[in-house]
Amino acid sequence: MDTSQIIVTIVGLGLSAFVVWYFFFFSARQTTSAVSSSSGVQEVDITVKGGYSPDIIEVERGKPVQLSFYRDEENSCSEELLMPDFSIRRDLPAFKTTLVELLPEKAGTFTFTCGMGMLRGSLVVK
Amino acid sequence: MEPATKTETLDIEGMTCASCAAAVEKSLSRAPGVQSALVNFATEKATVHYLPGQASPATLKEAVINAGYGVMERPPDTSAAERSDEIDRQKALAYQTLKRRFWVATVLAIIIMPLSMLMLWPAMMARVNMPLLNYAMLLLTLPVLLYSGREFYVSAWNGFKHRSANMDTLIAVGTGAAFLYSLAATVVPEFFTSRGLMPEVYYDTTATIIALILLGKLMELRAKTQTSAAMRSLIGLQAKTARVVRPDGAEVDVPIAQVQLGDIVLVRPGEKVATDGRITEGQSAVDEAMLTGESLPVEKKTGDPVFGATLNKTGSFRFEVTKVGADTMLSQIVKLVEDAQGSRAPIQRLADKVSAIFVPTVVVISILTFVLWFDLAPAETRLPLALVNFVAVLIIACPCALGLATPTAIMVSTGKGAEHGVLIRNAEALEKAYQVNTVLLDKTGTITKGEPAVTDFVAPGQDGARLLQVVAAVERQSEHPLAEAVVRHADDQGGDKLTATDFRAVEGKGAAATVDGQAVLIGNRRLLAEEGINLSPELTAQAEQLLSQARTVLYVAVAGQAVGLLGVADTVRDTSVAAIKKLQALGIEVVMMTGDNPQTAAQVAGQVGITRYFAEVLPADKAGKVKELQGEGRIVAMVGDGINDAPALAQADIGLAVGSGTDVAMEAAGITLMRSDLNGVVTAIELSRQTIRTIKQNLFFAFIYNTLGIPVAAGLLYPFFGILLSPMLAAAAMALSSVSVLANSLRLRSFDNH
């Protein structure tokens with residue numbers, strides 16, 4: 001093995017380790033709790049751009065929830081929003097706000113994803 | 001001339017009762033410049049006609065607020081119908097942009113390709129200036145990257161910031177690496193030559209990959225619009241206007257949003273029924289196929305319900321509006337289909353888990369591929385080989401095929417189901433229906449019509465036609481269901497109607513009256529016995545025979561003489577025999593359950609070809625019977641009417657509620673059949689089988705494609721067969737893979753219930 005091979009090997013393994021750590025273990029998720037409006041609806045604003053910000057949303061059980069998804073990109077990956085636990089499939093028009101209303105009746109963590117399951121966020125019902 | 005008025009529709013917030021609507025209306029009417037204001041409490045909308053000079057949406061809003069209510073800014077997602085317009089517009093726009101990006105990439109790739117081929121031709125190479133050619137190709141590639149492929153890089157970067165990686169990440173890294181390498185070879189070729197390497201460029205690869213991926217996306221987008229075609233046509237069924245008859249008799253065409261509960265709407269032949277209601281005047285045949293899948297028009301008369309979006313065929317009628325907006329049957333169907341399309345099938349679970357870790361895993365595999373090639377290949381070719389295989393791995397991997405496999409099939413099939421009057425609650429229901437091997441039918445209302453009909457009329461030595469009219473004259477005054485069956489039968493036979501006097505109902509036994517001066521008795525045997533009337537041996541024999549055929553027997557006596565018999569039974573639907581045969585042909589055991597005595601049960605079962613049945617089942621025991629069958633290890637589908645059978649429907653692995661045509665939102669049932677015959681059951685099961693088969697094919701294909709494609713792209717075959725996959729071929733394969741999955745799902749559109 002010559003020097004460049006050793007360098008490539010080390011850099012390659014290092015990069016692989018970084019990818020695994022960055023996508024699977026690194027944790028800096030944004031958590032937001034819903035704000036209840038005067039009418040008792042828990043409202044959360046979410047920006048969709050290569051992911052969901054915030055991507056962990058905490059709401060209370062039994063109170064209606066209104067999620068406002070603002071899709072700040074045209075990239076087709078995020079054009080659909082899926083919340084299978086609430087039977088919701090929505091098209092999110094680009095640069096528009098789409099309201100999604102639901103009533104969380106059970107406590108738990110429910111994921112929401114884009115149409116292909118690449119972008120992920122979760123709704124934590126307490 | 002009257003100045004032009006403008007119309008504004010406001011969404012009113014906070015109205016809790018009809019009098020609130022009146023208050024809002026009053027406040028709006030009094031506002032300056034307002035000519036008329038109409039507030040619909042049910043839809044929470046106010047329609048205001050106003051003079052633009054004297055009023056504006058802002059002053060109208062103020063008037064509403066003054067009355068103590070609020071005006072909602074129109075929310076973007078009020079209903080599927082309203083949403084779909086905007087989304088369709090955006091999608092059409094996105095399609096156009098994508099098409100342009102594709103063409104730019106394609107044209108440039110077609111120019112770059114032959115230029116890069118020059119390098120393979122030594123005679124030519126000697127004549128052209130290599131660095132200059134490279135710069136020319138760089139210039140041609142830049143628009144492909146910056147215009148056509150821009151979205152990939154932006155999206156990959158946005159995703160990276162969120163620690164999420166998607167298909168764009170793979171394309172961005174793959175094409176990015178090929179481009180950067182080429183850029184280095186173009187700008188600083190001496191770096192390569194000094195190390196004994198050819199400064200090769202991969203501009204053709206970069207441009208071709210982007211062109212091919214865009215082609216794939218283009219085809220995907222087109223196919224995807226078709227998956228929701230059924231849904232769109234459902235939404236499109238909604239009538240736009242209604243001809244409302246005002247209390248003063250004037251007929252006015254009004255937009256559907258302004259129709260209110262209690263309005264009288266006129267429908268002429270050939271017109272669409274605007275919304276749900278009840279006929280108050282007139283009769284007609286209405287085509288309800290779009291809602292129920294039933295191809296024959298349904299006869300409607302005064303008092304019958306009519307549904308929005310159905311088509312009036314023959315007569316004209318007026319109906320009173322009972323439901324508007326989101327409460328109508330059409331809206332409920334749309335909602336149900338929409339919900340089903342948003343649900344997730346359990347079969348998808350593995351694919352979901354894989355997609356969640358797919359992209360980062362592929363990135364790691366590609367890096368390792370690079371390292372291995374670099375370490376193992378001969379020194380002079382190791383860098384290009386490592387690079388080419390690195391790019392090929394990234395490009396061939398296709399998470400899309402996995403992601404599209406299930407939802408597209410579910411979308412097509414739930415839409416298709418709705419077309420046939422089969423409403424599927426969610427993907428799980430579809431999957432359960434697929435596994436079913438036993439169908440349990442509640443006899444009444446599914447196999448049979450659920451209403452008694454005269455099957456036999458015996459009158460030895462009598463004028464049968466006249467006797468029937470005599471009987472009908474008496475029964476016409478009775479309210480008993482059996483009496484109704486007799487009257488219906490007599491009316492069907494035709495003949496002069498007679499009138500009966502001195503009608504008297506005999507509780508639990510029958511009825512008596514006088515027709516043409518003769519005393520007539522109709523009822524069970526006890527009625528005749530109490531009157532001291534004896535049956536002739538002939539009639540007794542006939543009665544015995546009818547009873548053995550599980551008929552209910554009505555005895556007729558005229559002027560103290562027993563003269564005839566009527567056999568009454570719940571009749572089997574015309575479609576039941578064929579439908580049950582079809583189910584059995586699908587390998588499903590059909591079991592019947594009924595509250596009738598074993599004799600009747602056996603008779604009906606024999607008639608429709610069912611071998612196993614439960615007789616004398618009390619309503620409370622129905623769920624128990626389902627359990628009993630499940631105890632035998634069967635996957636049971638229960639078919640019932642949704643109201644009385646709710647516990648049994650819930651107990652079954654999958655419940656199919658036969659709709660009464662009024663309430664589509666039957667909670668206990670996984671599947672609702674809009675048509676009340678058994679063909680819907682066949683459709684539901686055949687559709688579920690085809691759908692799940694399609695999903696399995698899709699998933700199999702997606703998994704196999706990736707598990708074979710990635711190692712081949714990594715160069716696994718090279719040591720054995722010398723085969724390497726060009727990144728351009730990888731791009732073509734990837735584009736085709738997701739399109740194939742979509743195309744396979746779209747095959748479900750040709751599903752037909754034969």
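The values are calculated or read from the model by the stated rules, or taken from the named source; none is laboratory data. Note that the structure is a prediction, hence the values are computed from the model and not measured. Glycine also receives a Cβ, built like all others from the backbone with ideal geometry; neighbour counts cover every protein chain displayed.
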- request: Please enumerate the residues belonging to region B:388-433 that are farther than 27 Å from B:Asn706 by Cα, in contact with a Ser or Thr (Cβ under 6 Å, 6 or more places away or on another chain) and not aliphatic (A, V, I, L, M).
  value: B:His420, B:Gly421, B:Asn426
task: Might you let me know whether region B:333-343 holds any residue that is outside any helix (DSSP H, G or I) and within 10 Å of chain A (Cβ to nearest Cβ)?
output: yes
statement: Restricting attention to region B:158-173, the residues that are more than 7 Å from every other protein chain (Cβ to nearest Cβ), at pLDDT below 90 and over 36 Å from the mean Cα position of the chain (by Cα) number exactly 1
task: Would you check if there is a residue in region A:28-50 being buried (at least 22 other Cβ atoms within 10 Å of the Cβ), within 9 Å of chain B (Cβ to nearest Cβ) and outside any loop (DSSP other than H, G, I, E, B)?
output: no
Selection count, region B:491-501, where residues are on the phi > 0 side of the Ramachandran plot and surrounded by 11 or more Cβ atoms within 10 Å (Cβ to Cβ): 1
- prompt: Which residues, taken from region B:587-630, are in contact (Cβ under 8 Å) with a residue 40 or more places away in the chain and on the phi > 0 side of the Ramachandran plot?
  reply: B:Gly587
- prompt: Taking the condition of a type in the set (D, E, K, R), within 11 Å of another protein chain (Cβ to nearest Cβ) and either surrounded by fewer than 24 Cβ atoms within 10 Å (Cβ to Cβ) or under 22 Å from B:Met411 (Cβ atoms) (or both), does B:Asp304 pass?
  reply: no
Filtered residues of region B:184-207 (kept if without any contact (Cβ under 8 Å) to a residue 12 or more places away in the chain and of a type in the set (S, T, N, Q)): B:Thr193, B:Ser194
- request: Could you grab the pairs with beta carbons closer than 8 Å, sequence gap of 6+ or different chains, first residue in region A:1-18 and farther than 16 Å from B:Val173 by Cβ, second one hydroxyl-bearing (Ser, Thr, Tyr) and assigned to a helix (DSSP H, G or I)?
  value: A:Met1/A:Thr9
- prompt: How many residues does region B:600-629 hold that are touching a Lys or Arg at 6+ places or on another chain (Cβ under 7 Å) and part of a helix (DSSP H, G or I)?
  reply: 1
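Okay, residues lined up against (1) among the aromatic types (Phe, Trp, Tyr); (2) in contact with a His (Cβ under 6 Å, 6 or more places away or on another chain); (3) under 23 Å from B:Arg747 (Cα atoms); (4) at pLDDT 85 or above:
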{"residue": "B:Thr414", "(1), (2), (3), (4)": "no, no, yes, yes"}
{"residue": "B:Gly417", "(1), (2), (3), (4)": "no, no, yes, yes"}
{"residue": "B:Glu428", "(1), (2), (3), (4)": "no, no, yes, yes"}
{"residue": "B:Glu431", "(1), (2), (3), (4)": "no, no, yes, yes"}
{"residue": "B:Leu441", "(1), (2), (3), (4)": "no, no, no, yes"}
{"residue": "B:Phe457", "(1), (2), (3), (4)": "yes, no, no, yes"}
{"residue": "B:Gly464", "(1), (2), (3), (4)": "no, no, no, no"}
{"residue": "B:Leu468", "(1), (2), (3), (4)": "no, no, no, yes"}
message: Name the single residue that is farthest from the other protein chains (Cβ to nearest Cβ) among those in region A:52-93 being closer than 19 Å to B:Gly403 by Cα, in a loop (DSSP other than H, G, I, E, B) and at pLDDT below 85.
response: A:Glu79
- line: Of the residues in region B:158-183, those that are without any contact (Cβ under 8 Å) to a residue 12 or more places away in the chain and of a type in the set (A, V, I, L, M, F, W, C) come to B:Phe160, B:Leu180
- prompt: Pick from B:Phe192, B:Phe152: which is over 43 Å from the mean Cα position of the chain (by Cα) and within 14 Å of chain A (Cβ to nearest Cβ)?
  reply: B:Phe192
message: Restricting to region A:94-115, and then to whatever is part of a loop (DSSP other than H, G, I, E, B) and buried (at least 21 other Cβ atoms within 10 Å of the Cβ), can you tell me which residue is nearest to the chain's Cα centre (by Cα)?
response: A:Gly115
Subset tally (residues that are within 16 Å of B:Asn40 (Cα to Cα), within 30 Å of the chain's Cα centre (by Cα), buried (at least 18 other Cβ atoms within 10 Å of the Cβ) and not polar (S, T, N, Q)) for region B:237-260: 3
- prompt: Regarding A:Lys96, is this residue of a type in the set (D, E, K, R), at the interface with another protein chain (Cβ under 9 Å from one of its Cβ atoms) and touching a Pro at 6+ places or on another chain (Cβ under 7 Å)?
  reply: yes
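Matching residues to (1) more than 22 Å from B:Thr575 (Cα to Cα); (2) surrounded by fewer than 23 Cβ atoms within 10 Å (Cβ to Cβ); (3) in contact with a strand residue (DSSP E or B) (Cβ under 6 Å, 6 or more places away or on another chain); (4) among the small types (Gly, Ala, Ser):
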{"position": "B:Val617", "(1), (2), (3), (4)": "yes, yes, yes, no"}
{"position": "B:Ala620", "(1), (2), (3), (4)": "yes, yes, no, yes"}
{"position": "B:Ala623", "(1), (2), (3), (4)": "yes, yes, no, yes"}
{"position": "B:Asn644", "(1), (2), (3), (4)": "yes, yes, no, no"}
{"position": "B:Gln651", "(1), (2), (3), (4)": "yes, yes, no, no"}
{"position": "B:Val658", "(1), (2), (3), (4)": "no, no, yes, no"}
- prompt: Is it the case that region B:412-423 has a residue that's buried (at least 24 other Cβ atoms within 10 Å of the Cβ) and among the hydroxyl-bearing types (Ser, Thr, Tyr)?
  reply: yes
- prompt: Does B:Phe390 count as out of contact with any Asp or Glu (no Cβ under 6 Å at 6 or more places or on another chain), hydrophobic (A, V, I, L, M, F, W, C) and at pLDDT 90 or above?
  reply: yes
statement: If we keep only residues of region A:101-119 that are at the interface with chain B (Cβ under 7 Å from one of its Cβ atoms) and of a type in the set (A, V, I, L, M), then the residue farthest from B:Pro346 (Cα to Cα) is A:Leu119
task: Pick out the one residue from B:Pro122, B:Pro143, B:Pro131, B:Pro114 that is out of contact with any strand residue (DSSP E or B) (no Cβ under 6 Å at 6 or more places or on another chain), touching a residue at least 40 places away in the same chain (Cβ under 8 Å) and away from chain A (no Cβ under 14 Å).
output: B:Pro131
message: Restricting to region B:513-570, count the residues that are in a strand (DSSP E or B), aliphatic (A, V, I, L, M) and farther than 16 Å from B:Val470 by Cα.
response: 3
message: Please go through region B:323-353 and give me each residue that is surrounded by 16 or more Cβ atoms within 10 Å (Cβ to Cβ), farther than 26 Å from B:Gln226 by Cβ and not charged (D, E, K, R), ordered by number.
response: B:Val324, B:Gly325, B:Thr328
task: Looking for whichever is among the hydroxyl-bearing types (Ser, Thr, Tyr) and within 30 Å of B:Thr600 (Cβ to Cβ) here; the options are B:Thr369, B:Thr408, B:Thr446. Which one fits?
output: B:Thr446
Candidate set from region B:360-377 (those that are more than 7 Å from every other protein chain (Cβ to nearest Cβ) and in a helix (DSSP H, G or I)); member that is surrounded by the most Cβ atoms within 10 Å (Cβ to Cβ): B:Ser366
task: For residues that are under 20 Å from A:Ser87 (Cβ atoms) and free of Cβ contacts under 8 Å to residues at least 12 places away in the same chain, scanning just region B:344-359, find the one that is farthest from the other protein chains (Cβ to nearest Cβ).
output: B:Arg349
